[in-house]
Amino acid sequence: MHLLSHFCDHIRQFGNIPMYSTEIGELAHKTQIKEGWRPSNKNHAARQIVHSYGRQHAIRMRPLNLQPLKTRCADLSPDVLKHLDRTTSTVSPLVNCRRILKGRQGDVSNIVDFSRISGVSLEIIYRELIRYSRHNLPIAHSLPEDHATLRSLPIELLTKLEVPVLTFQEADVYEIHRARSTGTLHFRNKGSLNDSVWIQAGTEEMYGALRGCLPAKLVALLNIRDPRSAHTVCRVAGVQLLTPVNSGHLSDLHDLVTVQMREDTRGFTIVDIGTILGLAHLIPEEDRRWLVNSRIDLRTVNVVY
């Protein structure tokens, strides 16, 4: 019953709740019933609808069966080859999966300004930038490691990241997760908003049921420009990573993973925005602890569990 109190926040952030959505049934009603009803003679239409749907399915299956024959250079008639060329050329183009940063804040131009606004010390920012550069950037585009040069690097502070995420049980349909980090600024006349996101932090063998993913609080979104090259921009995010309790294994009490704030000194970490997989839905459990929700989000069940 406690999970019901989180439905409202989940719907505001992610949209409808897939587990209880009628969208799949409505779409099936449109394609399987309505589209078969229209060409029927409206007299005993049920049998005609079934036959119409079966024919459409068989027609869609035929190119899939013939395509491997074409690949193996089988002896196919010119009409079949022409039909295959026509059907394969109509495949929808790939979706642009690039992450997009938006909402630039005009009062931040360098590391010193960012440290003042975020409350993160300069020493921690320097340490994380150097670590990020060593582990993620090629030598030709690595960031300078002396603090004086790092202080003068031009940066842009942004407030929103759009991440394309595959729709549940779809291979080519995406929805956009909009992760916001307003810092100390108010969001819609309320308090500041720093969303929780999923970070790809390791391989699938790590962190138990989380399979290499860790939730994190989004602290900042940054564009860091290299003055040595006008076209080199590092798109990074400052996050507070959460660590799984009990190595990420499911609890015997509620079958959920519990995460907590890290106890080491790395409370602020810089990661590439390409490692951000989407928004995370966490349920506060107690002081500095959260539950990874898997009850109202089928995507989390499918990907994380």
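Quick notes on this one:
- For the pair residue 33 and residue 286 in one chain, pulling the backbone fully straight at 0.36 nm per residue adds 86.1 nm over the alpha carbon distance.
- For residue 137 and residue 249, the FRET efficiency from 1/(1 + (r/R0)^6), where r spans their Cβ atoms and R0 equals 45 Å, is about 0.85.
- Stretching residue 262 away from residue 98 to a fully extended chain increases their span by 56.0 nm, per 0.36 nm per residue minus the current alpha-carbon distance.
- Using the average count of surrounding beta-carbon atoms within 10 Å as a protection proxy, the listed peptides 149-156, 254-261 rank, highest first, as 254-261, 149-156.
- For segment 100-303, the alpha carbon convex hull comes to 146 Å³ per residue, rounded to a whole number.
- Stretch gain in nm, segment residue 175-residue 147, where the contour uses 0.36 nm per residue and the Cα spacing is subtracted: 6.0 nm
- Here the Karplus curve 6.51 cos²θ - 1.76 cosθ + 1.60, taken at θ = phi - 60°, turns the phi angles of segment 38-45 into couplings of 4, x, 6, 8, 6, 10, 6, 6 Hz, with x standing for Gly and Pro.
- Long-range HN-HN contacts of residue 278 with modeled amide H, under 5 Å: 198
- Label-point gap, in nm, between residue 109 and residue 55 - each point 7 angstrom along Cα→Cβ: 7.0 nm
Laboratory data are not the source of any read-out in this text; all were calculated from the coordinates shown. Given the structure is predicted, the values throughout are model-derived calculations rather than measurements. We place every Cβ from the backbone using ideal geometry, glycine too, and count neighbours over all the protein chains shown.
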